[in-house]
């Protein structure tokens, strides 16, 4: 008997969204089986029964599982199964997490997992969007406390026109990749990559997405009204008011203000540590207070900073609201690398290093997007523990590192020059961190690319904006270039990167219930002012890209060859191309260009002479032999009737004995030729039927005076021969041979020996 379930449908951007409830995963707190077009995702929400002990944060885990069967692929590798989450899966999980997390109760400590299983992918409907909507629906209908719903819409831009929920191809090729999450009132998350989109255009796209989100929220509310579960009760981990009161008696507000306002991050941290130790001594006998003391001090610190900023516009380091921290920039600080830069903003310092390599070094991608199978520009962000004065072993990049690296990648990707011949990798190592390290990464990335000689279309800078507001955003302050504390204690982290012409990337995380249009517009405009200030510093440091690449950068030469010649250049089992690489010391890659139908050859080496040598060899291979042309050849083999000479790579021709010299040669021994000899030959004939080549050396020397060309022997016709002459009579009649004895009487001769036969070489006939 089939299971009964509820189905809900809504058309969004011309495609049908179908949501099945109670069809699968019935044991999860909430589950939604969703289709958008043919893209199918199972989204679930589960929560633990009890809160996790000993933590002061909400333990939310968001998973986005890419199954390659969804696009008809079998995973590569030995195990042939999905393993570690891909970079795209990690980034998608972060995009889902950021708008969902602020909508859970602040004092909720139960473990919550949002899982999204991608089961089918329609190129017309991106699975990331379906997973975002599915997580919201699954959580809203569950019994897990959640102040939703929230909805998400994606916007593309092609030829100046906005596209709602673009196809995968439109998303990859368009000038804008914008994701907007909203509640019924406000925007709560923004993620974008752009090809220099002006602020006004970006705001227009955000508003458009927010309006569409309202229709989706109404649709989700209909589902919740019919199948939503009552929210379960939970043990609150909120700090009791009596603890706050007790803390203020020991540490009055004036003392906390003095502790949190300092130019140095280390001083502020030390002041808070001393306050915490003082309170621990005071509450040594109260286990309940001690258990929540850390959260209480954090809340006290947060309220103090927010109050001072809103009331007096006073920031912890003493800056004005829109003031950028002191900046310093330097390039070419590391020898032998292809490009390097160090960018310092206050107590945040970053070192960016560029490496340029041949296209053969591209990163291969085995994912769900069939349009993205490789990546030519990689940006890797590293956040070592020493950057914040801590000791912690490195375990490889986490989600934060992957996210920040991707943000820098989006910010700089569109600024590479057209037809850029290299694969590029930028490594960003954080040397010191006190807020906005991701934006410092973008600035350092621009500096290092210019130092490497990359002719960027325009330099890019980034700045992180913060927000301190009271409930309802009645009173608020937008902060430029936020500190780490302003990020932790504030309501918003709004990162904006761009050129002097417009935005290249944004990422907004909030901790409040959303942003009004007024706050959003002001934040973007203020970010532009800060960005222009930083771009001036970049220009003063290095006004433009270096004229040439540095000495250790591999030089690249590209060559297009006919498609049918790719095999000749590669050779059987790759022997030809491998031989060229070994002989010249170059790295050679060949790809077929599907658009042009040509073979694209790339030759890389640090030595120009090596490139020229390899280029000459490849040109020789793909060149077409022409009758009458003179070639430098090598004698490969010698036979009785001539020699075979390699006159072009992979092409042999017959140098007949009669074409070696004007003098008649009785044998090849008299020619003076030996295997391996380098000689010049002229191509005198290409056989139209067989394609074989006839060569000559004698025509390259003057014809001797008085030389008479031998006439070709005429063919004899049978009728010209006349009657056969009468033989002389000295021969005995045929029958009169009595002296010979019988024919079969030959016992003295023994058996007749076996005769051997050597077939005549039709292709290499000396006649």
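Overview of values
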quantity	calculated
Gained length - residue 612 relative to residue 458, 0.36 nm times residue gap less alpha-carbon distance	52.2 nm
Proxy reagent accessibility, fewest Cβ within 10 Å first, across 497, 348	348, 497
Computed over the range 43-123, Cα set: Rg, Dmax in Å	15.5, 45
Overall form of the range 200-314 per C-alpha gyration tensor (a/c, 1.5; a/b vs b/c)	oblate
Least to most buried among 177, 688 (fewest other Cβ within 10 Å first)	688, 177
Label-point gap, in nm, between residue 254 and residue 418 - each point 7 angstrom along Cα→Cβ	6.7
Simple label model, 7 Å out from Cα along Cβ direction - residue 147 to residue 244, nm	1.5
Translational diffusion coefficient (Stokes-Einstein; Kirkwood radius from C-alpha pairs) of the range 555-622 at 4 °C, 1.567 mPa s, in µm²/s	110
Pair residue 546, residue 582: separation of 7 Å Cα→Cβ label points (nm)	3.5
The chain: calculated mean residue ellipticity at 222 nm from DSSP helix runs of at least 4, using -39500 (n - 2.57)	-9000 deg cm²/dmol
Sorted peptide list for 100-113, 458-471, criterion being average Cβ within 10 angstrom, highest first	458-471, 100-113
Relative contact order of the range 453-584, defined on C-alpha pairs under 8 angstrom at six or more residues apart (%)	24
Cα centroid separation - the range 43-81 against the range 432-498, whole Å	30
FRET efficiency for residue 619 and residue 16, using Cβ-Cβ distance with R0 set to 60 Å, rounded to 0.05	0.60
For Cα Rg over 2.2 N^0.38 Å, calculated from these coordinates, the label among (i) 1.46; (ii) 1.17; (iii) 1.12	(i)
0 to 90° range, to nearest 10: angle between helix 241-250 axis and the chain longest Cα axis	80
Mean Cα-pair separation over length for the range 241-312, i.e. relative contact order, pairs under 8 Å, 6 or more apart, %	37
Distance histogram for the range 27-85 (every C-alpha pair counted, 5 angstrom bins, percent rounded to whole numbers)	4, 12, 16, 18, 15, 15, 10, 7, 3
Ranked packing of 632-639, 169-176, most packed first, by mean Cβ within 10 Å	169-176, 632-639
Proxy reagent accessibility, fewest Cβ within 10 Å first, across 611, 203	203, 611
Global form of the range 264-304, assessed from the alpha-carbon gyration tensor, a/c cut-off 1.5	oblate
Residue-span extension gain [residue 281 to residue 692] - 0.36 nm each, minus C-alpha spacing	138.1 nm
Rounded tilt (10° steps) of 399-413 against the dominant C-alpha axis of the chain	60
Extension gain (nm, one decimal) between residue 57 and residue 307, 0.36 nm per residue minus Cα-Cα	87.7 nm
FRET efficiency, 1/(1 + (r/R0)^6) with R0 30 Å, evaluated for residue 390 and residue 236 via beta carbons	0.45
Enclosed volume per residue, in Å³, of the convex hull spanned by Cα atoms of the range 444-513	97
Diffusion coefficient, µm² s⁻¹, Stokes-Einstein with Kirkwood Rh over alpha-carbon pairs of the range 327-541 at 10 °C and 1.306 mPa s	89
FRET efficiency for residue 593 and residue 175, using Cβ-Cβ distance with R0 set to 30 Å, rounded to 0.05	0.80
Ellipsoid semi-axes in whole angstrom, largest first, where each is sqrt(5λ) of the Cα gyration tensor of the range 199-258	43, 27, 5
Cα gyration tensor category, rounded, prolate or oblate, for the range 1-138 with a/c compared to 1.5	oblate
Largest to smallest principal axis extent of the C-alpha atoms in the range 630-700, angstrom	30, 22, 21
Spin-label zone in the range 541-576 - amide nitrogen under 16 Å from a point set 7 Å from the Cα of residue 600 along the C-beta vector	556-563, 566
For peptides 223-234, 399-410, sequence by mean Cβ density within 10 Å, most packed first	399-410, 223-234
Principal axes of the range 482-589: Cα extent on each, largest first, Å	66, 35, 28
Mean separation of Cα contacts under 8 Å, 6 or more apart, over the residue count of the chain: relative contact order %	9
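Throughout, read-outs are computed from the coordinates displayed, never taken from laboratory work. Computed from a predicted model, the values in this text were never measured in an experiment. All Cβ positions, glycine included, derive from the backbone under ideal geometry; neighbour counts span all protein chains shown.
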